[in-house]
Amino acid sequence: MGTHWVGPKSEYEWRFRPSIFGNTLFWCHVWKGDDSQIVYDAYYAGDDKLYDRVYMDNSYWVVKDDDLYLRQFWKGIDVFFHH
């Protein structure tokens with residue numbers, strides 16, 4: 001997928017199907033304006049804790065000033081993501 005610049009109030013979307021081998025991994029490296037960084041697994045089928053929190057067809061990651069959140073549409077909330 002390569003490197004993508006996603007500016008403030010912008011979005012980047014992709015769709016996928018997990019591998020039958022259970023090893024599908026998508027990770028993200030976010031650089032914020034103050035040189036701080038966040039690196040996280042956006043989706044990893046081998047991580048049961050993450051897999052339970054991410055619905056493959058409806059996961060939405062939100063980077064806010066203070067940290068990273070996972071928007072859970074089915075609950076109507078942004079959940080702080082401990083990475």
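Odds and ends about this structure:
- Between Val62 and Thr24, residue separation times 0.36 nm minus the direct Cα-Cα distance comes to 11.6 nm.
- Accessible surface, segment 1-46, averaged per residue in Å² (probe 1.4 Å): 87
- From phi via Karplus (6.51, -1.76, 1.60), per-residue ³J(HN,Hα) for segment 12-29 in Hz, x at Gly/Pro: 9, 10, 8, 10, 7, 10, x, 5, 5, 8, x, 10, 5, 9, 10, 10, 9, 10
The values are calculated or read from the model by the stated rules, or taken from the named source; none is laboratory data. Note that this is a predicted model, so its numbers are computed, not measured. The area values use the complete protein model at the heavy-atom level, side chains included, leaving out ligands, DNA and RNA. Shrake-Rupley method; radii C 1.70, N 1.55, O 1.52, S 1.80 Å.
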